[in-house]
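Only one structure is covered here, and it is reproduced in the block below.
None of the figures in this text is laboratory data; all of them are computed from the coordinates on show. What you are looking at is a predicted structure, and each value in this text was computed from that prediction instead of being measured. Neighbour counts are summed over all protein chains in view; Cβ atoms, including those assigned to glycine, are modelled from backbone coordinates with ideal geometry.
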Amino acid sequence: MKRKNLWAPWRMEYIRSLNKPDGCFLCDYVQNPQNDSDNFVLWRAKRSFVVFNRYPYNNGHMLICPNRHIADLSEAMDEEMAELMKLVREIQKVLTAAIRPQGFNVGMNFGRCAGAGLPGHLHIHIVPRWNGDTNYMAVCGGTDVISQGLRDLYDQLRRISDEQKLPSL
């Protein structure tokens, strides 16, 4: 079988971030709220925030992250856990209003062997899904097709959030 290349030069930013001494782009986002628009941070709550996954599995793939750099649930305070779950609920509402997914995958990966790209900073993945979104590109080509740009969807979700007065924490 002939080997194919899919050029994705935007991933280099992520790859380089893994080699930083501190290595946690989420902690950088926590410390620099003035860059929220550039970093695609959609919302900030008291103990956590919602940010776009820059390397999504599907359109609207979001991350819900505690502000604290904690690796797993055993380190999370009850207040953090409650706020994280409220943000999951609220982002589902806004994504539903914006892009009308037919379902969602909500999940967490702990450790590199489990698929965590950033194993030191707990985060929850929210992935909108549609019937038939696993098509020949993913199955045969090993390629995800993202149908909307991050900036376009970010602006759309901000508008809907403002209109609906979300998140309601």
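So how much slack lies between residue 86 and residue 74, counting 0.36 nm per residue of separation and subtracting their Cα-Cα distance, in nm?
Extending this stretch completely gives an extra 2.4 nm.
What's the local net charge at residue 77, with K and R +1, D and E -1, over the other residues with C-beta under 9 Å away?
Value of the local net charge: -2.
Kindly identify the range 40-112 as rounded, prolate or oblate by the Cα gyration tensor criterion: order the square roots of the eigenvalues as a ≥ b ≥ c, call it rounded if a/c is under 1.5, otherwise compare a/b with b/c, prolate if a/b is larger, else oblate.
It comes out prolate by the Cα gyration axes.
For residue 48, which sequence-distant residues (separation of 5 or more, or a different chain) have an amide H within less than 5 Å of its own amide H, given hydrogens modelled in the peptide plane?
Amide H neighbours of residue 48: 67.
How are the Cα pair distances of the range 36-164 distributed, in percent, across 10 Å bins from 0?
Calculated over all Cα pairs of the range 36-164, the distribution is 12, 43, 34, 10, 0 percent.
Which of the peptides 121-132, 104-115, 33-44, 52-63 is most tightly packed, and how do the rest follow, going by the mean number of other Cβ atoms within 10 Å of each residue?
Highest to lowest by the protection proxy: 52-63, 121-132, 33-44, 104-115.
Under 5 Å between amide H atoms, partner at least 5 residues away or on a different chain: which partners does residue 105 have, H built in plane at 1.01 Å?
Here the answer is 127, 129, since their amide H atoms fall under 5 Å of that of residue 105.
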